[in-house]
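Novice: Please read through the structure below; I'll follow up with questions.
Nothing in this text is a laboratory measurement; each read-out follows from the coordinates by a stated rule. Remember, predicted model here, so these are calculated numbers, not experimental data. Because the Cβ atoms are built from the backbone with ideal geometry, glycine has one as well, and the counts that use them run over all protein chains shown.
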Amino acid sequence: MQHHVKRIGRLARILCVAGLALAALPAAAAACPEQAGTPVFSAFGDQADYFAAPGGTFEGGLSGWTGGALVGENEPWRLGGVNGRQALRVGTATASSPAFCIGLEHPYFRYTAKPSHFGAVLRVYLRYQLGGGWTTILVGTLSGTGGWQVAPPSLLAFGGTLPLGGTTQAQLQFRSDSGSWLIDSVYVDPYRK
């Protein structure tokens, strides 16, 4: 009997220490706020729901974006609404979105873009917070065809970008190899389980 009491006491201490360790985990493991989406890319065969990335339609000004400039042109499909009138001009300096929460329920993002000249290359990066620091990885490139184009879905959140079972803060970054690009209608896919 005394042997079982010692075991139970040891088990209680282990569970207490484990509980304290779990309580000390960062709040990043909390779920991202849920956002309603619509199939904005349905005309291009993509029936997934998307929501606008922070400031991703550029109709409210730069709204936290850095490294680019607003111009008075909009992508022709008006994915962000019929009153769209602005886009972001990106040159060889990096333009970055505001940071926003991503989790495994946010697997992809899409955007529209127009190059300043045929053959221009746009590089798209994901900058994300993991382990107390920030990491930047290339997640896509787009070659200019001369006019506005819809980028294919690019990976946003996957196992390597997230703490185990959690969420993190991320930014989308755009940079042109030469010349400039117009970026508009930046949308995130809120995958529903």
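Novice: Please work out how much length the chain gains when fully extended from residue 42 to residue 63, using 0.36 nm per residue of separation minus the C-alpha to C-alpha distance, in nm with one decimal.
Specialist: 4.9 nm
Novice: Right, here's the next one. Under 5 Å between amide hydrogens, which residues at least 5 positions from residue 130 or on another chain qualify, with H placed 1.01 Å from N in the peptide plane?
Specialist: Residues meeting the amide H criterion: 135.
Novice: Using a 10 Å cut-off on Cβ atoms, rank the peptides 75-84, 35-44 from the highest mean neighbour count down.
Specialist: Ranked by mean Cβ neighbours within 10 Å, highest first: 75-84, 35-44.
Novice: How big is the charge dipole of segment 32-189 about its Cα centre, in debye rounded to the nearest 20, if each Lys and Arg gets +1 on its Cβ and each Asp and Glu gets -1 on its Cβ?
Specialist: Taking the Cα centre of segment 32-189 as origin, the dipole is about 400 debye.
Novice: Express in nm, to one decimal, how much length is gained between residue 77 and residue 164 on full extension, taking 0.36 nm for each residue of separation and deducting their alpha carbon distance.
Specialist: 27.5 nm
Novice: Also: Relative contact order (percent) for segment 32-189, with alpha-carbon contacts under 8 angstrom and 6 or more residues of separation?
Specialist: 32
Novice: Between residue 34 and residue 130, what is the label-to-label distance in nm when each label sits 7 Å out along the Cα-to-Cβ direction?
Specialist: In this crude label model, residue 34 to residue 130 measures out at 2.7 nm.
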